[in-house]
Every structure is written in structure tokens, then in C-alpha cells.
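In what follows, a structure is listed as C-alpha cells, so that the remarks can point back to it.
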Amino acid sequence: MSITDISSDVVNRLTAVRYRIAKAAMSVGRDSSSITLVAVSKFHSRESILEAVKADQYIFGENRVQEATVKFSPIQTVIPDLRVHLIGSLQTNKVRDAIRIAHVIESLDRPALAEALDRAAQAEGYLPDLLVQVNTGNEPQKHGVPLEEADCFIDVCCRRFGNKLRGLMCIPPIGVDPIPHFVMLRKLAQTHGLEMLSMGMSADFEQAIIHGATHVRIGSAIFGARSNP
């Protein structure tokens, strides 16, 4: 595929996604400007990212710290407004590298990671915004704090990180109705006075918006099918 094809595809898909976001927001009386589109660029090329930037997309999601660093560090030197959300499971030994590249870490899910983030922030003099990832389906194969432990863990993180703990994230189980999971996450956020709700991906972001998402993480609907990592 040529660069011209990449450009046309990314711009067209972004336009379509933005229209769908606006339509979903309008259906429940929300302002679409209150919803942040995180373009999930994991496993996609730097060229695709730059084409999205040309279409005024400046917020991207990545799973892996090393991949994010390799792709985004050179871009950030010339486009300082670009922001990176780390949305994948974060190993404690990658935390210092993570806070050097990320503006938001969406996958805080265990005490050991909270401890590592605290230490790294003191060493680096900086801490990104944080979201607690909640395993709303209690799926053993997925990351995220178990639902029955979420209240306690969120309380601890609120005390530890203050206003740097901005909200919650979830990934509903595949093949089930995601709406109960979105409703559950929203109620949990309200209980703890948290405003950011990162929920909804390419297959279900309109439902997530209807049920309160402030951030939607959309990859394939913008960039197409992923390449092999």
C-alpha cells in the first residue's frame, strides 16, 4: 500500500469515526467535544500515525512501552502537543520508561504497580495522569483489578496519588453485552468522585458514549487491521 493510500484511508476512517462519535453524543444530549478520541496505534506504522496527525488527531494509545518510545519519541520532538496513553498491562520494571513517554497510564491495576509508579515519579519528578483498570467481567485471563477489590484499591490510589488519579478504564468481555459493564464502571467512578471513563472500542464505542464514556479507544476503525507485532 502506498503512502497516498494510507493517507486517504486514515483520513476517511477518522472522519467517519468522528461523525459516529458526534451522532452518539447527540443522541443523549451530550456535547461531542466532551469525548476524547484515543486513536489506538499499537502495531501500526509511524507513517499511519503521521497521517492521523495531519487530520488533527493528537492523542494515541499504545500497549507496549518500548514500541511507544520508538514510535513517538521522534514525533514528539517536532509535535509537542502529541499525547500518548499507555493502555496495555504495565510491568513494574518498565515504569520509569513508561512515565517518560506517557501522558496518561490507563492500566493501574495492582498494589505493586502503584508502588512502582510512586517511586518512579519521585525519581523522575513527574507522574502522568492515571486510570485504574477494572476487570468488570472478573475474567482470569485479563488484567485489571478484580471487581470485588476495586473499591478498596481505588480508595488507596486516591489517597496515594491525589488528583493524578483521574478515572477508570475497562475492557468488557468479548461476545457479551457491554452495556452492563459500562454502567457498572460509571457507577463506580461516581462513587469515588472520578470524572474520566475510558471505555468503548471500535465495536462498541457508541454504546459506551451513550452510557457516559469520556474517552473511547479506537484502533481498527481508524487504522484498519493490525499488522503482526
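No lab work stands behind these numbers, since they all come straight from the coordinates. Keep in mind the model is a prediction, meaning the values are calculated, not measured. No Cβ is skipped: glycine too gets one built from the backbone with ideal geometry, and neighbour counts run over all protein chains shown.
Details
- Hydrodynamic radius (Kirkwood) for segment 40-158, which is based on Cα pairs only, to one decimal in Å: 15.0
- Two-decimal log10 I(q)/I(0) for segment 1-108, as the Debye equation yields it once each C-alpha is a single scatterer, q = 0.14, 0.19, 0.22 Å⁻¹: -0.61, -0.99, -1.17
- Local electrostatic count, residue 206, Cβ distance below 11 Å [Lys/Arg +1, Asp/Glu -1]: +1
- The mean of 1/r over all pairs of different alpha-carbon atoms in segment 56-97, once inverted, gives a Kirkwood hydrodynamic radius of 10.9 Å.
- Dipole magnitude of the chain about its Cα centre (Cβ charges: Lys, Arg +1; Asp, Glu -1), debye to nearest 20: 220
- Residues 198, 34 arranged by fewest to most Cβ contacts within 10 Å: 34, 198
- Long pairs among 71/142; 71/94; 142/164, criterion Cα-Cα beyond 20 Å: 71/142; 142/164
- Of 33, 89, 41, the one that fluctuates the most in a GNM where the chain has Cα springs shorter than 10 Å: 33
- Shape analysis of segment 183-229 places it in the prolate category; the axes a ≥ b ≥ c from the Cα gyration tensor give an a/c of at least 1.5, with a/b above b/c.
- Fewest-first ranking of 214, 15, 77, using other Cβ atoms within 10 Å as the exposure measure: 77, 15, 214
- Three-way shape call for segment 78-137 based on the alpha-carbon gyration tensor, with the a/c threshold at 1.5: oblate
- The chain - Kirkwood radius from inverse mean 1/r over Cα pairs (Å): 17.9
- Note on segment 123-229: the alpha carbon radius of gyration divided by the globular reference 2.2 N^0.38 Å gives 1.12.
- Contact order normalised by residue count of the chain, Cα under 8 Å, 6+ apart, percent: 21
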